[in-house]
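No value in this document is a laboratory result; all are computed from the given coordinates. If you're wondering where the values come from, they're calculated on a predicted model, not measured in any experiment. With ideal geometry, Cβ positions are generated from the backbone for all residues, glycine too; neighbour counts draw on all protein chains shown.
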Amino acid sequence: MKAVKRICAVLVGLVFFVAGLLKLIDPVGAGLVVEEYFKFMHIGFMMPLAKAVGVGMALLETLLGAALLAGVWPRVVGPLVGLVLLAFTGLTLVLWIRNPAMDCGCFGQAVHLTHFQSFAKNVAMCLLWLVAYLPMRSVPLPRKVKYVSFSIAAISVAAFTVFSMNSIPGFDFTAFKPGAMLMQAQQEPSPGSPLLSICDADGTYRDDLLARGLVMVVSAYDYDKLPQSALERIKEFRSSLPLGSMLVASGSELPWGAYSSDRRTLMTVNRSNGGATLLSDGLIVAKWPLSKLPSAQDVSALAELDATEAMMKANSPRRLGTQAFLLYVTAVLLLL
């Protein structure tokens, strides 16, 4: 029976851990999900806190999952997880009944569930929790080394969270991921193709500019919030490029020559406010955050490659690094 209890606890922990990490990979996306919940609950005044709440909840979910996987402090972690599951189940029940046009965001942008599927998933998790933790006195205590493995994993997750807040996702699950072709660059647009509409100062749509050869798009979804140092960095970056570039932004006052677009769309194009995205005839090749804009030499090297080769060269290191981290932290929890 102890083995059955442990297996149920590990299954619940695995779901918590994976769901939390998928949101920590994409903090801006987690904030967008929380914004939808704030709108649904009619507490729009909390919108400025959406990203902080999203990251905080994702971090809590990940650490609870890590604690379940390691089996540490079962008589504290167990009841806390039960309360979180109860809250999640109640919320998803309301979503199923009301059926608003929003995503539950249970697994970030990676997996999209219907409201019923989300509710059913939480009900199944509650059943697993009941088997794992009732009665509480029968829950097995962990080996002391598991507290060491949890501590290592917790520190690693915290460091990864700080890194994610200053970068862009290693795994891009949005419609504007590298390899996607913009709708305006297709003669017969395929279903689900991403559309990035831009307007000049006169309000004229200039979407055609995005499908003409190599172009670097610097996007700022909150242009008004960029500090002067960031604006200078963007200016220097654009002036150093060996190819055409454009600034696409959302804000109350945009500089001369900038193109305007929808804020949420720009947040999907590039999660970094002031980040850069390289396009080749409307094909999304690579993305960089404001904190790690590429050098002119790096851009020139990519421009000389085939689009597919350029995508592999620019995106593989970030993806492989994220994969390595996920394998490392899972191994620490399960093997140590």
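A few comments on the model shown:
- Among Met312, Asn122, Phe45 the positive-end extreme of the charge dipole of the chain (Cβ point charges): Asn122
- Number of Lys pairs (Cα under 23 Å; 8 or more positions apart or on different chains) in the chain: 27
- Loop-resident chymotrypsin sites (Phe, Trp or Tyr not before Pro) (DSSP state other than H, G, I, E or B) in the range 230-329 with no more than 14 further Cβ atoms inside 10 Å of their Cβ: Trp256.
- Bridge type composition, the chain - antiparallel percent by DSSP, nearest 5: 65 percent
- The phi-based Karplus calculation (6.51 cos²θ - 1.76 cosθ + 1.60; θ = phi - 60°) puts the 3J(HN,Hα) values of the range 188-193 at 10, x, 7, x, x, 5 Hz, whole numbers, x for Gly and Pro.
- Estimated FRET transfer efficiency (Lys144, Gln323; beta-carbon r; R0 35 Å; 0.05): 0.70
- Only helices enter this figure: runs of n ≥ 4 DSSP H residues, each worth -39500 (n - 2.57), summed and divided by the residues of the chain, yield -18000 deg cm²/dmol at 222 nm to the nearest 500.
- Surrounding net charge for Pro227, when Lys and Arg each add one and Asp and Glu each subtract one, Cβ distance under 14 Å: 0
- Prolate/oblate/rounded label for the range 183-317 (Cα gyration tensor, a/c 1.5): oblate
- Projecting the Cα positions of Ala185, Ala153, Tyr133 onto the charge dipole of the range 116-239 (unit charges on Cβ atoms of Lys, Arg, Asp and Glu, taken about the Cα centre) puts Tyr133 furthest along the positive direction.
- Identified option (computed volume of the Cα convex hull per residue in Å³; candidates (i) 120; (ii) 154; (iii) 130): (ii)
- Were the residues from Lys177 through Leu86 laid out at 0.36 nm apart, the gain over their Cα-Cα distance would be 29.3 nm.
- Overall, the anisotropy analysis places the range 121-196 in the oblate class: the square-rooted eigenvalues a ≥ b ≥ c of its C-alpha gyration tensor yield a/c not less than 1.5, with a/b not exceeding b/c.
- FRET efficiency for Phe45 and Arg98, using Cβ-Cβ distance with R0 set to 22 Å, rounded to 0.05: 0.55
- Computed over the chain, relative contact order equals 17 percent, with contacts defined as Cα pairs under 8 Å that lie 6+ residues apart.
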